[in-house]
Amino acid sequence: MSNWIGHLFTSDVGWTHLETLVDIGDRMAGSDGEREAAERTREVLSDVGARNARVDSFDIQGWTRETSSIVADGTTQDCIALPRSPAERVTGQLVDLGYGLPADFETADLEGAIVMVRSDVPDHYDRYLHRREKYYHAVENGAAGFVYRNHVDGQLPPTGSVGTDEAPIGEIPAVGVSSEVGARLARRFDGSEIELTVEAEIGEAESQNVHAELGPDTDERVLVTSHVDAHDIAEGALDNGAGTAMVVEIANALTMRADDLETRVEFVVYGAEEVGLAGSTQYAERTDRDSIKAIVNNDGVVRERTLSLTTHDFDGLERAVDEIADRYDHPIETVPKLGPHSDHWPFVQWGVPGYHVKSTSDEVGRGWAHTAADTIEKLEKRTLREQAILLTDLVVYLAREDVTVEHRDPDGIAADLEEQGVAAGLRRTGDWPYDD
């Protein structure tokens, strides 16, 4: 065992690929940069020894950022458009709803208003509210525009898409503003008329998923996944260059452990995650989900030193983490609740066992991610290597013939979403997949 660990702990394969990704520049879904990142990922997976490395393309709704502005009382306030916002100019009264909790929308008169909400929730609230949930609360209550205010200081306007699968372009123009600009808008212009403008190029585009394999050619398989796209305003190092670097490093390690694999391991690096999980949704709809033994989805790794795995209440996934943590006498956090906001979800919602692999964090929300501060110097090579050792052994363990992870009934998933208070938000954003 020590040979592969020593190899992995001195490997530069994953980190070098991370540097490659961040140096490409714009990796927005449908862009030339995303296409280059997918091809470079295919190349490195092939180079480390994975077989049948390939790129599969698919059509998406294209959206390219141009200019945006907020004009209030003759002043222009800095902002950036939220991806898939319609290109439109609107005027209306600014209404600052603070955290933008569901009850806040119910008690305010928002007809024709431009609504501003924070990107976090208060400590006392029982769940995280996704940006798109707040956006569609604004839409359904008659707002003319949407302003998403970062809760993290540092002059960092946040990005993040709007829209749904059925209507990829949102219904009202939407922008992100920094914490400081949001505070200024609330202090000086709450209740005043402002003008919000979004300009964007909207049309057809193409994204792509990367696939490769290792291990025996079994019908059953373990998926090791990430997403290669990133928002165009930053390097996308944390979200999610690090996740793709992890997939590459795990593949690199598993080439030394090919004889230990008793089930096929499929590496899938998705495109267009940041615009509605388009790549993973496309793959989940056309693949045989029953043949998937487990999914190890890397989205949020390397940010902090300790791994945190959301297990979605699959007992077999919890047991597997406990086995690896005990084996290495190394802490690994597990979170049993359901988490619908990454590429595992198009599978987990139908009962396929899947992890969302992240790092522990005390932050509420995304931190540096989805801002221009998502850059590589915030990550450490040591952390990538240490986490890759643990995750490699986790994949080998999941691939054992004597390890069983039972699929769940989708009705049970739906019931848990209701119990955990997540169902209402998924219905609000058009992401509820079940018949009511």
Those residues of segment 34-62 which are open to solvent by less than 70 Å² (accessible area, probe 1.4 Å), acidic (Asp, Glu) and more than 27 Å from residue 378 (Cβ to Cβ), in sequence order: 56
Residue among 168, 157 that alone is open to solvent by 20 Å² or more (accessible area, probe 1.4 Å), touching a strand residue (DSSP E or B) at 6+ places or on another chain (Cβ under 8 Å) and more than 22 Å from residue 35 (Cβ to Cβ): 157
Some residue of segment 238-250 being touching an Asp or Glu at 6+ places or on another chain (Cβ under 7 Å), among the hydroxyl-bearing types (Ser, Thr, Tyr) and modelled with pLDDT of 95 or more: no
Considering residues of segment 201-233 that are open to solvent by 20 Å² or more (accessible area, probe 1.4 Å) and touching a Phe, Trp or Tyr at 6+ places or on another chain (Cβ under 9 Å) only, the residue farthest from residue 176 (Cα to Cα): 213
Long-range neighbours under 8 Å by Cβ, at least six apart or interchain, first residue open to solvent by less than 20 Å² (accessible area, probe 1.4 Å) within segment 97-109, second modelled with pLDDT under 95: 100/129
Neighbours by Cβ (under 9 Å, 6+ apart or cross-chain): first from segment 68-81, free of Cβ contacts under 8 Å to residues at least 12 places away in the same chain; second hydrophobic (A, V, I, L, M, F, W, C) and part of a strand (DSSP E or B): 76/70
Residue ranges of helices (runs of 4 or more DSSP H) in segment 324-436 with at least 2 members of a type in the set (Asp, Glu) and modelled with pLDDT of 95 or more: 381-398, 410-419
Subset tally (residues that are of a type in the set (Ser, Thr, Tyr) and over 21 Å from the mean Cα position of the chain (by Cα)) for segment 381-436: 4
Index of the failed condition, residue 297 passing every other in (1) farther than 26 Å from residue 13 by Cβ; (2) modelled with pLDDT of 95 or more: (1)
Filter result for residue 65 (over 29 Å from residue 179 (Cβ atoms), out of contact with any Ser or Thr (no Cβ under 7 Å at 6 or more places or on another chain), in contact (Cβ under 8 Å) with a residue 40 or more places away in the chain and open to solvent by 20 Å² or more (accessible area, probe 1.4 Å)): no
Hits in segment 153-163 - residues which are hydrophobic (A, V, I, L, M, F, W, C) and touching a helix residue (DSSP H, G or I) at 6+ places or on another chain (Cβ under 6 Å): 162
Answer residue from segment 124-141, given it is without any contact (Cβ under 8 Å) to a residue 60 or more places away in the chain and more than 19 Å from residue 182 (Cα to Cα) and is least open to solvent (accessible area, probe 1.4 Å) among those: 139
Any hit, segment 21-33, residues being open to solvent by 70 Å² or more (accessible area, probe 1.4 Å), farther than 27 Å from residue 382 by Cα and free of Cβ contacts under 8 Å to residues at least 60 places away in the same chain: yes
Long-range neighbours under 6 Å by Cβ, at least six apart or interchain, first residue assigned to a helix (DSSP H, G or I) within segment 37-50, second among the polar types (S, T, N, Q) and open to solvent by 30 Å² or more (accessible area, probe 1.4 Å): 40/20; 48/255
Selection from segment 401-436 of residues that are of a type in the set (D, E, K, R) and surrounded by 15 or more Cβ atoms within 10 Å (Cβ to Cβ): 408, 416, 427, 428, 431
The listed residue being open to solvent by 10 Å² or more (accessible area, probe 1.4 Å) and in contact with an Asp or Glu (Cβ under 7 Å, 6 or more places away or on another chain), out of 257, 264: 264
Selected residue [within 22 Å of the chain's Cα centre (by Cα), more than 16 Å from residue 180 (Cα to Cα) and of a type outside the set (Ser, Thr, Tyr)] from 100, 74, 145: 100
Given (1) within 16 Å of residue 144 (Cα to Cα); (2) open to solvent by 70 Å² or more (accessible area, probe 1.4 Å); (3) not in a strand (DSSP E or B), number of the condition residue 89 does not satisfy: (3)
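The values are calculated or read from the model by the stated rules, or taken from the named source; none is laboratory data. If you're wondering where the values come from, they're calculated on a predicted model, not measured in any experiment. Note that each Cβ is placed from the backbone with ideal geometry, even for glycine, and that neighbours are counted across all protein chains shown. All accessible areas refer to the heavy atoms of the entire protein, side chains included, with ligands and DNA or RNA removed. Shrake-Rupley method; radii C 1.70, N 1.55, O 1.52, S 1.80 Å.
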